[in-house]
Amino acid sequence: MSSTHPVRVLLLQDLTTSNNWGGVQTITQTLQLALQEQGFEVTALPWHQTKFVKLLYVARRSDVLVASHNFGPTYCGVALKTLARKPLVTWVHGPLLEVLQMSKASWWKRWWLRHVYGYIDQFVCVSQNTEDSLIGFLSGSRAQTNDSNNRGNSSSTSSGKTPRTVVIPNGLTPLTGNTESFVSDVSTTSSTNLSIGYIGRLSQEKRPHLLLEILRALPDDAHLCIVGDGVLRPELEDAGKDLMANGRLKFLGHQVSNRNLYTPYQVTLLTSLYEGCPMTALESLACGVPCVALPIPAMRELFAQEAPYLLAHDETPQALAIAVLNLMRTPKVQVQQDMARIVSEHSFGKFACDWESILLDLFRTTKRKS
């Protein structure tokens, strides 16, 4: 790092109840570790639980502000940027148009977001689909998919400013991202007693009710463990009473996030309505467990080129069940090699270098202007 002192980063975390377990929290911790290993001096503070006076004090002593989420941390980051006069990066995890539609956001909130986003110096999106959705929101319409020549282009906002966007896919921590560790661990087989896992929140956008339909569409010797919790759990437990009674369905609640979260299963499932760059899918592959998903844009972006058989043909539970059975008949060596390529594209080192480049460019640009 070519500055007289380490570049100082204030990382505004979102530690609200809904975000303290799951992919966003995992990747935020990964970013903190990545920046520290690249020589940045990182101060990570929960924006909602930290007194604003302290946040402002740290912001004034920092070189760059990073909002770890595009809502609460970004609102706080804009206030700190205005007062401390430091550049602000907002990290966008999910497709914004879909998120706002799911939450039935009012026209006022959409207007407010466009206004706030006019103050942001740099957007970092976790996938091309996320960037397309963000640009569509900023321009007031759904953006068409950009080709590789258009990635990172500026997009106008209602305030007339042109914040830049760039795509940096999520990376895996060294503990889960060792591509050499799982080559001999993949379990694809045509035998009976198929063990399936689901790891994630039990909330509306994850569509966990599809899990029961998928399980019913699979042979009777297939069984499913649901790891995670959420507002829909009581409803799911009630709907799956028969499956629980015959031992095909178990609810395990929150579990410690490590390799043991995935390795008990032959395959994991992803049924979300939308995603950004899902850590549960990447971590599953890194632990040697194939993840079969519905063909939403983010999952097509992740799997279509290297392992299209991990995608269902359509977004029905029956199609996902068929994809699971087809996976069990896919040669083990092929699955190993395909997963290794996907995981290698999301290495910790690449993730760290990409973020280092963005923050150093922003820091140097700001310094030249001052």
### Query
Between the DSSP loop rule and a limit of at most 13 other Cβ atoms within 10 Å, which chymotrypsin sites (Phe, Trp or Tyr not before Pro) in the range 206-315 are left?
none
#### Entry: Full-extension gain in nm, C353 to T263, via 0.36 nm per residue minus C-alpha separation
29.5 nm
### Task
Run the quick spin-label model on N246 and Q29: label points 7 Å from Cα toward the beta carbon, then report their separation in nm to one decimal.
3.8
### Query
To the nearest 20 debye, what charge dipole does the range 195-344 have about its Cα centre, counting +1 at the Cβ of each Lys and Arg and -1 at the Cβ of each Asp and Glu?
320
### Query
Extent of the range 1-114 along each principal axis, from alpha carbon coordinates, in Å, largest to smallest?
47, 30, 25
### Query
Of P308, S272, S133, whose Cα points farthest to the positive end of the dipole of the chain (charges on the beta-carbon: +1 Lys, Arg; -1 Asp, Glu; origin at the Cα centre)?
S133
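Let's test the formula: R0 of 35 Å, r as the Cβ-Cβ distance of K104 and E306. What FRET efficiency results, to the nearest 0.05? Write down the numbers at each step before the final one.
Numbers: r = 36 Å, r/R0 = 1.03.
After rounding, the FRET efficiency stands at 0.45.
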### Query
If each of E213 and E345 carries a label point 7 Å out from its Cα toward its Cβ, how far apart are those two points in nm?
2.9
### Under 5 Å, built H, 5+ apart or other chain: amide partners of V7
E41
### the chain, helix-only ellipticity at 222 nm - DSSP H runs n ≥ 4, -39,500 (n - 2.57), divided by all residues, nearest 500
-12500 deg cm²/dmol
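Can you order the peptides 275-286, 320-331, 234-245, 115-126 by their average number of other Cβ atoms within 10 Å per residue, highest first? Write out the running numbers ahead of the final one.
Numbers: 275-286: 27.6, 320-331: 17.5, 234-245: 13.0, 115-126: 21.3.
Highest mean packing first, the order is 275-286, 115-126, 320-331, 234-245.
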### Total lysine pairs whose alpha carbons fall under 21 Å of each other in the chain (8 or more apart, or interchain)
18
### Query
Using +1 on the beta carbon of Lys and Arg, -1 on that of Asp and Glu, and nothing else charged, what's the dipole of the chain about the Cα centre, debye to 20?
1660
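Every number here is computed from the coordinates shown, using simple stated rules; none is lab data. Everything numeric in this text was worked out from a predicted model, so none of it was measured. Counting neighbours? That spans all protein chains shown, and the Cβs are built from the backbone with ideal geometry, glycine included.
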